[in-house]
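Working notes, structure below.
The values are calculated or read from the model by the stated rules, or taken from the named source; none is laboratory data. Everything quoted here is computed from the prediction, not taken from an experiment. All Cβ positions, even for glycine, are placed from backbone atoms using ideal geometry, and neighbour counts span all protein chains on display. Ligands, DNA and RNA are stripped out before the accessible areas are found, and what is left, the full protein with its side chains, is counted by its heavy atoms. Shrake-Rupley method; radii C 1.70, N 1.55, O 1.52, S 1.80 Å.
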Protein chains: 2
Amino acid sequence: MNNIIESLDNQKIKEVRLLHKKKYRINLRKYFIEGKRIVDEAILHGAKIERIIISSSYSWDKEYLDTISGSKLKNVELLTVTEKVFRSIAKTESPQGIIAVVHKEERSLEKTLNKLPREPFIITLENIQDPGNMGTIIRTAEAARADLIIITKNSTDPYGEKALRSSMGAIFMIPIVEVIGMEWIPLFKKHAIRLIATDLSARKSFVELDYSGGINLIIGNEGHGISKELLSLADEKTVIPIYGNIESLNASIASGILIYKAREKRK
Amino acid sequence: MNNIIESLDNQKIKEVRLLHKKKYRINLRKYFIEGKRIVDEAILHGAKIERIIISSSYSWDKEYLDTISGSKLKNVELLTVTEKVFRSIAKTESPQGIIAVVHKEERSLEKTLNKLPREPFIITLENIQDPGNMGTIIRTAEAARADLIIITKNSTDPYGEKALRSSMGAIFMIPIVEVIGMEWIPLFKKHAIRLIATDLSARKSFVELDYSGGINLIIGNEGHGISKELLSLADEKTVIPIYGNIESLNASIASGILIYKAREKRK
């Protein structure tokens, strides 16, 4: 085993603590993940891992450490730290002694669209605020094998701890592009991808909709739905009917129902 | 305004604090709800409210207080307490100065089944552990106008604070019966209600299933799915296919997809 880092002031350790904040995740274009399961998912799905940090108070399998260290996985630095140092960077209560720092994949929407299948299945999250919903929708999108997720800038950070946890590793499997404003809309017109918006006042039920061809399902904010601006640009509006006395469905449930309906009809 | 309760040791105030714990909610057959919106929902939907407690530091509309006090709503006691006393019983950070103590509706499954429509749409939650999932599934069931929810004893408490909040008031709208063991199964056979279980190893996709007649959709535990015992008693097994690299769907998402498919096909 390498030298064990004992100082809370080590620069690489301090960086992980900075990554607890969204601001630094944006500036440094990195995030961190905690726990063996999600680190393993990141390795398996080729995430750009910069460094893996393990606590010296756990017993680690030699072969596992070989796999995650430089010998088998290129360019990944393996650091061992004391349990005290580890606790200072962990955000969850039982991170099983392992944390990884990962580079965000910075993708241009135009280039990404050009690489997708001819008639892609895209999901856009506009201003989703709850990290649990964010992660769950990413997980559902991957389960339905959508091709791309677009996230508007005013949404909660998909690379925050709770969103990552709720995504169950899907964040490493499905491409994600973050966009600002509405500058991305013309690209969809150019690629003949229809924008489909859910709207409680729409007349057409989601079961009657045509989901064939290139589509982009837009999921709106938990409280306010899709913004007026984006709604006015949608090619189709649809509603998931509410039959009971409740006002609305939870945002991630509505997304799940719509995403699986699209997948069912596209087959 | 009545006398203002200033003592943290007042018996009725101590009782609310006890209701923070599941054990006392079970023993006393009561629970408490916080915030104006959910209290209003409880009043509107005829929940058995025992008492409403308001903080004296909020300004209350006279007509609203008349509505929720004995003059218009029978048998409801209205208590005013100091903000300090109020803080001692509130569980959320901004409960808007209002809390209500509500009696649980204790229902027998047999009597409840006899009162339902001839071919009911029932949802059973077996060993659901996450309060957010619990509340969200109840909300979705009401949105799809299911007739009844059955909850097995080893599940998280649907009357806990987070489950109540996630249910968005649906807990007052759809009947809920809590059951122990498997003694309830023969009743379904007697009423010709089919037990439909989701199972990742089932062959039949949920889109091909027949949802007509009396049905009971069983939703299993987040990590382990439906118990072997219950699975062996199911009349039909079905799967929501996973097309991507993820292992499974979130339990409340899977429930939402299945519940809305059943509603779509039953229409």
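Here are some notes:
- Surface analysis of the protein assembly as shown yields an accessible area of 46 Å² per residue, using protein heavy atoms and a 1.4 Å probe.
- Taking every C-alpha pair closer than 8 Å and separated by at least 6 residues, the mean separation divided by the residue count of the stretch B:4-103 gives a relative contact order of 45 percent.
- Between chain A and chain B, roughly 2800 Å² of accessible surface gets buried, counting both sides and using a 1.4 Å probe.
- Of the peptides B:7-15, B:50-58, the order by per-residue mean of other Cβ atoms within 10 Å, starting with the highest, comes out as B:50-58, B:7-15.
- Its Cα centre serving as origin, the protein assembly as shown has a Cβ charge dipole (Lys and Arg +1, Asp and Glu -1) of approximately 240 debye.
- Here the dipole of chain B is about 360 debye; that uses its Cα centre as origin and unit charges on the Cβ of Lys and Arg (positive) and Asp and Glu (negative).
- Neighbouring partner chain Cβ atoms per residue of B:142-154, average, 10 Å criterion: 3
- Taking Lys and Arg as +1 and Asp and Glu as -1, the other residues whose beta-carbon sits under 13 Å from that of A:Gly225 total -3.
- Antiparallel DSSP beta bridges within the protein assembly as shown, as percent of all bridges there, nearest 5: 30 percent
- Contact order relative to length of the stretch B:93-239, as percent, for alpha carbon pairs under 8 angstrom and 6 or more apart: 28 percent
- Residue (of B:Gly181, A:His20, B:Ala42) at the positive-pole extreme of the protein assembly as shown, dipole from beta-carbon charges: B:Gly181
- Most tightly packed first, judged by the mean number of other beta-carbon atoms within 10 Å of their residues, the peptides A:144-157, B:248-261 read B:248-261, A:144-157.
- Mean residue ellipticity (222 nm) of chain B, computed from DSSP H runs ≥ 4 via -39,500 (n - 2.57), nearest 500: -9500 deg cm²/dmol
- The stretch A:177-228: C-alpha gyration tensor shape, a/c 1.5 cut-off, then a/b vs b/c: oblate
- Computed packing ranks the peptides B:41-49, B:185-193, A:161-169 as A:161-169, B:41-49, B:185-193, most packed first, by mean other Cβ atoms within 10 Å.
- Heavy-atom accessible surface of the protein assembly as shown: percent carbon and sulfur, 1.4 Å: 48 percent
- Gaussian network model of chain B, springs between alpha carbon atoms under 10 Å - residue of B:Arg194, B:Arg203, B:Arg17 with greatest fluctuation: B:Arg203
- The mean number of partner chain beta-carbon atoms within 10 angstrom of a residue's beta-carbon across peptide B:257-267 is 4.
- Close Lys pairs in the stretch A:16-73, defined as Cα atoms under 14 Å apart and 8 or more places apart or on different chains, number 4.
- In the elastic network of chain A, a GNM with C-alpha springs shorter than 10 Å, the most mobile of A:Tyr211, A:Tyr64, A:Tyr24 is A:Tyr64.
- For A:Lys12, the aspartates and glutamates whose Cα comes closer than 20 Å to its Cα, not counting residues fewer than 8 places off in the same chain, are A:Glu34, A:Glu50, A:Glu77, A:Glu83, A:Glu161.
- Shielding by partners, peptide A:131-139 (average Cβ within 10 angstrom, other chains): 2
- Summarising the amide proton neighbourhood of A:Ile4: residues at separation of 5 or more, or on other chains, whose placed amide H is nearer than 5 Å comprise an empty set.
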